[in-house]
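Input: a single structure, listed below in C-alpha cells.
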Amino acid sequence: MASLELNDVRKSYGDTRVLDGVSLSVEAREFIAFLGPSGSGKSTLLRIIAGLETLDEGEVWLEGRRIDPLPPGARDVAMVFQHYALYPHMTVRENMAFGLRNARVPKAEIESRIAQAARVLEIEEQLDKKPGQMSGGQRQRVAIGRAIVKQPKLFLLDEPLSNLDAALRNRTRVELAQLRQRVDAALIMVTHDQAEAMTLADRMVVMNDRRIQQVGAPMDIYARPVNTFVARFVGSPAMTLAPGEIVPGTGRHARVRLAGGDEVETRVAREGLADGERVQLGLRPEHVAVTEPEGGIAAEAVLVERLGDRTLVYARLPDGLEVTAQDEGASRIRMGDRIGLRIDGAAAHIFGADGAGHHGEAAP
Ligand code: ADP
C-alpha cells in the first residue's frame, strides 16, 4: 500500500512559483531522498508534508487519510531538522519526552518509548546529559530519537547530515541506513548531496526548476538519466556532455560525429533520433579511458586527480571540449601531457535536441 501520496502540489511565494505540480507516491517503509540543487523546492515540499507550510493547490495523503488540511501535530509525521533544535536547558530524556507529554501520552509509555529509542540509537548512557555536553553527532541522534518516540507513520529529515564533519557524516550515514531497518515507517530525506542520496535511498526524487525531474532507484537514475540536468547532477564527477550530430545511416544504432570530427558508434537505438540532429554525447568518466596520443582522440591532460584506486584525468580536446576521463590508480599521466582518449561507445548516452536522454540497450 502506498504510504504517502502527493497529488499535483503547487506553491508560490508571492509571484514566485516554487513548486509547479508535484505528484509522488511513496511506498510503506520506503526510504526516499529528495535530491536537487539549492532553491529547487526540496525543503518547501518537505515542510508542506510536515504541515509547517501550506500548499496553494493539491493534496497530501498519508496512509489513506488526507492530511494537508490538518495541523502538524495531527499528521502522524515527525521531522528532524538540520539544526537539531534541541532545548539546551533540558536533558536528553526531557528533550525526548517533551512532545509526548504535550500530547498527554501516559508516563510509563513515555519512559518505555524513550528507553527503546535510546537503545536503537545507542545513547542510553547519554539520557541525563544536556545537549551542550554532547558532540554534534550525539545531538543529531537525540534529534532523531525525539522523532522516533513519536512513533510516526512518516519521518522527514531535512539535510540531517550536513552539520556534521566528514568522518562523522559517514558514520551517521551508516547509522541512518541501520535505523531504517528498525523503524516501521517511511522516511523522506532532503539532501543536496548525491552521495548521501545514492547510498541511503531506495528511490531518489531528483528536483530542479520547481518540478520533479526523475524518480527512481539510484542506479537506474545513474544509468538512465531522463535529461541533461539529471545526467549532470547525478554522478561525481559530472558526466561529460560532448556536442555532436547524428551521422546519417541505416544501422540499428546511432553514430555520433563530435564537433572535432571524431565519430563514436553507440548502442543507442537510432529510432527517435533524426539524421543530422544536433545532440550531446553523454560520457561518464569510467567510459573514457586514457591511452597513448596516437591510440585515441588527441587531447591534453589539464588536471590530474589521484584518488588512490583510480585517477581522474580532466582532458581538453583541440576544439576546447573538456572531457573527464579515468585512468588506473597508478596512472603515470601528468598535467600538461599529450594523451589519447578512447571512448567506450557502448556505454555512451545521447541527449537529443530536446534534451531527452536516449540510452544504450546494454545500460544496466
Ligand atoms: P531547497 O530546499 O531545494 O534549497 P527551498 O524549498 O528552500 O529550496 O526554496 C525554494 C525556493 O523558494 C527558493 O527560491 C527560495 O528562495 C524560496 N523560498 C523558500 N522559502 C521561502 C519563504 N518563506 N518566502 C519566500 N520565498 C521562499
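Points to keep in mind about this one:
- Per the listing 264, 304, the residue uniquely more than 23 Å from residue 355 (Cβ to Cβ) and of a type in the set (A, V, I, L, M, F, W, C) is 304.
- When 58, 73 are checked against the criterion of being away from the ligand (no atom under 14 Å from the Cβ) and either in contact with a Ser or Thr (Cβ under 9 Å, 6 or more places away or on another chain) or in a loop (DSSP other than H, G, I, E, B) (or both), 58 stands alone in meeting it.
- Residues that are farther than 20 Å from residue 260 by Cα, open to solvent by less than 20 Å² (accessible area, probe 1.4 Å) and out of contact with any helix residue (DSSP H, G or I) (no Cβ under 6 Å at 6 or more places or on another chain), drawn from the stretch 326-359: 331
- Qualifying positions in the stretch 18-53 - touching a residue at least 40 places away in the same chain (Cβ under 8 Å), more than 9 Å from the ligand (Cβ to nearest atom) and open to solvent by 30 Å² or more (accessible area, probe 1.4 Å): 23, 27, 28, 29
- Given (1) surrounded by fewer than 17 Cβ atoms within 10 Å (Cβ to Cβ); (2) out of contact with any strand residue (DSSP E or B) (no Cβ under 7 Å at 6 or more places or on another chain); (3) closer than 30 Å to residue 8 by Cα; (4) modelled with pLDDT of 95 or more, number of the condition residue 108 does not satisfy: (3)
- Scanning the stretch 119-136 for residues that are over 23 Å from residue 165 (Cα atoms) and open to solvent by less than 40 Å² (accessible area, probe 1.4 Å) gives a single hit, 127.
- Elements of type strands (runs of 3 or more DSSP E) contained in the stretch 137-216, each with 1 or more residues being open to solvent by 40 Å² or more (accessible area, probe 1.4 Å) and touching an Asp or Glu at 6+ places or on another chain (Cβ under 7 Å): 203-208, 211-216
- If you check 46, 52 for being in the same structural domain as residue 155 (by TED's automatic domain parsing), more than 22 Å from the chain's Cα centre (by Cα) and among the aliphatic types (A, V, I, L, M), only one passes: 52.
- Residue in the stretch 138-147 that is modelled with pLDDT under 85 and polar (S, T, N, Q) present: yes
The values are calculated or read from the model by the stated rules, or taken from the named source; none is laboratory data. Source: prediction; values computed, not measured. Note: ideal-geometry Cβ built from the backbone for every residue, glycine included; neighbour counts use all protein chains shown. The accessibility values were calculated without ligands, DNA or RNA, using every heavy atom of the protein model including side chains. Shrake-Rupley method; radii C 1.70, N 1.55, O 1.52, S 1.80 Å.
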